[in-house]
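Participant: Please read through the structure below; I'll follow up with questions.
The values are calculated or read from the model by the stated rules, or taken from the named source; none is laboratory data. In this text the structure is predicted, and so the values were computed from the model without any measurement. Here the Cβ positions follow ideal geometry from the backbone for every residue, glycine too, while neighbour counts run over all protein chains shown. Note: accessible area is taken over every heavy atom of the protein model, side chains too, but ligands, DNA and RNA are not part of it. Shrake-Rupley method; radii C 1.70, N 1.55, O 1.52, S 1.80 Å.
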Amino acid sequence: MTTPIVVTGGTGTLGRLLLPHLLDAGRSVRVLTRRQPAGPAPSGSASSGLMSSNSGLSGSAPSGAASVGPASAGRPAEVEYAIGDLETGTGVVEALAEADTVVHCAGSAKGDDVKAAHLVGAAVRAGVKHIVYISVVGAERVPVRSAVDRAAFGYFGAKRAAEVCVAESGIPFTTLRASQFHELTLATVRQLAKLPVVPVPAGVRFQPIDGAEVARRLAELAFGDPAGLVPDVAGPRVYGFDELARSYLHAAGKRRPILRVPMGGGAYRAIRAGANLAPDRAVGVRTWEQYLAANR
Ligand SMILES: NC(=O)c1ccc[n+]([C@@H]2O[C@H](COP(=O)([O-])OP(=O)(O)OC[C@H]3O[C@@H](n4cnc5c(N)ncnc54)[C@H](OP(=O)(O)O)[C@@H]3O)[C@@H](O)[C@H]2O)c1
């Protein structure tokens, strides 16, 4: 068995797309999660991105981590689940035992600074040698200063604080900033389209990228040497938020008026000016239209 790569957020959108790449490379993988997953574990075959349905839970390991897998016959790799919470720090040191690389994909709308601090503290104690962190395009360009900024765009401030925490940890690191994933874009417009009028922040644009492409890049970085802050990855085209909402409504066969809502604050002004975009890093290949056609 190889030294495990620990993936935080391995049950989330990006993490689930990442795991097959690690498994296909023959690495053993440990996922830090707040709760034992009920469904099947991911197997290899990163190219398809499909989840296996042929593996089952195999009971609890002594550390309190439950092993899952091996995912398919003859495959040396396996996924292990370690229960821990990055918001409180509970179980995190144990989850990192014997790992030299951690890919930190856990995240939520709020509190990614706190999660990173707990991860970094535990990683120092566990002797981790490489932290790979996924951040967001514009983390350093969106100023989050006022209460208005924090309420609407506090996510960017927390991602920036998390980046700094990782960079100042003393542990060699790699940080990749990505633009919004197609998956999140679709979930957002789908949710908004449940309303009789679809509200979008006026003048806000996105450059959505396929989560699978980000996962592929993250896997390359996890296998490589620590590289510090690496060039951003962003989708092939920039769209107005209203354009994204309209294309979803069209694809879903829904008719709704779109309401462009002006907002206040410095973070909104920065985003209106394109701080969340990376047009010079439009390296994504799969377009929003292609993703939407396959997933509506
Ligand atoms: N989505 C985007 O468009 C986008 C763009 C750029 C960067 N990113 C970054 O990419 C990362 C992954 O995003 P995603 O869209 O894949 O997220 P997601 O689907 O919402 O998944 C979130 C993951 O974080 C884990 N998590 C949340 N709180 C946790 C806690 N307190 N302790 C331990 N684990 C916790 C969850 O694990 P359990 O529920 O199993 O505990 C889950 O696996 C995030 O850091 C996000 O900021 C996302």
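Participant: Just need a number here: residues in segment 137-158 that are surrounded by fewer than 22 Cβ atoms within 10 Å (Cβ to Cβ) and within 18 Å of the chain's Cα centre (by Cα).
Facilitator: The number of residues fulfilling the criteria is 4.
Participant: Restricting to segment 267-280, give me the number of residues that are in contact (Cβ under 8 Å) with a residue 24 or more places away in the chain and either part of a helix (DSSP H, G or I) or among the acidic types (Asp, Glu) (or both). Lay out the reasoning, then the answer.
Facilitator: Here is the first cut: in segment 267-280, the ones in contact (Cβ under 8 Å) with a residue 24 or more places away in the chain are 267-268, 270-272, 274-279.
In the following step, the residues that additionally are either part of a helix (DSSP H, G or I) or among the acidic types (Asp, Glu) (or both) were identified as 267-268, 270-272, 279.
Count: 6.
Participant: When the residues of segment 90-120 are narrowed to those that are more than 14 Å from the ligand (Cβ to nearest atom) and surrounded by fewer than 17 Cβ atoms within 10 Å (Cβ to Cβ), which ends up nearest to Phe223 (Cα to Cα)?
Facilitator: Asp100
Participant: Please name all residue pairs, on different chains or six or more residues apart, with Cβ atoms under 6 Å, provided the first residue is in segment 1-14 and is within 18 Å of Val120 (Cβ to Cβ) and the second residue is assigned to a loop (DSSP other than H, G, I, E, B).
Facilitator: That search, which allows pairs on different chains as well, returns Ile5/Arg27; Val6/Leu96; Val6/Ala99; Thr8/Cys105; Thr8/Ala106; Gly9/Cys105; Gly9/Ala106.
Participant: Among the candidates Arg145, Arg125, single out the residue that is part of a helix (DSSP H, G or I) and modelled with pLDDT of 95 or more.
Facilitator: On inspection, the qualifying residue turns out to be Arg125.
Participant: Something else: Please tell me if Ser135 is hydroxyl-bearing (Ser, Thr, Tyr), outside any loop (DSSP other than H, G, I, E, B) and within 12 Å of the ligand (Cβ to nearest atom). Break it down stepwise before answering.
Facilitator: Details: hydroxyl-bearing (Ser, Thr, Tyr): yes; outside any loop (DSSP other than H, G, I, E, B): yes; within 12 Å of the ligand (Cβ to nearest atom): yes.
Criteria met by Ser135.
Participant: Restricting to segment 91-136, name every residue that is hydroxyl-bearing (Ser, Thr, Tyr) and within 19 Å of Thr2 (Cα to Cα). Before the answer, list the steps.
Facilitator: So in segment 91-136, the residues hydroxyl-bearing (Ser, Thr, Tyr) come out as 101, 108, 133, 135.
Scanning segment 91-136 gives a single hit, Thr101.
Participant: Okay, moving on. Filter segment 15-31 for residues that are open to solvent by less than 10 Å² (accessible area, probe 1.4 Å) and of a type in the set (A, V, I, L, M); which is farthest from Glu80 (Cα to Cα)?
Facilitator: Leu18
Participant: Let me ask something additional. Please determine, by comparing only the residues of segment 121-136 that are out of contact with any helix residue (DSSP H, G or I) (no Cβ under 7 Å at 6 or more places or on another chain) and of a type in the set (Val, Ile, Thr), which one is most open to solvent (accessible area, probe 1.4 Å).
Facilitator: Our first condition is that a residue be out of contact with any helix residue (DSSP H, G or I) (no Cβ under 7 Å at 6 or more places or on another chain); within segment 121-136, this holds for 121, 123-124, 127-130.
Going one step further and asking which of them are of a type in the set (Val, Ile, Thr), we end up with 124, 128.
Working: Val124: 82, Val128: 11 Å².
Only one residue tops the list, namely Val124.
Participant: Still on this model: If I go through segment 249-266 residue by residue, how many of them are open to solvent by 70 Å² or more (accessible area, probe 1.4 Å) and either outside any loop (DSSP other than H, G, I, E, B) or in contact with an Asp or Glu (Cβ under 6 Å, 6 or more places away or on another chain) (or both)?
Facilitator: So the count comes out to 3.
Participant: So, in segment 148-191, exactly how many residues are part of a helix (DSSP H, G or I), closer than 21 Å to Thr101 by Cα and near the ligand (Cβ under 10 Å from one of its atoms)?
Facilitator: Number of matching residues: 2.
Participant: Can you tell me which residues in segment 210-236 are part of a strand (DSSP E or B) and either touching a strand residue (DSSP E or B) at 6+ places or on another chain (Cβ under 6 Å) or modelled with pLDDT under 95 (or both)? Steps first, answer last, please.
Facilitator: Taking segment 210-236 first, the residues part of a strand (DSSP E or B) are 228-229, 233.
Passing the criteria: Leu229, Val233.
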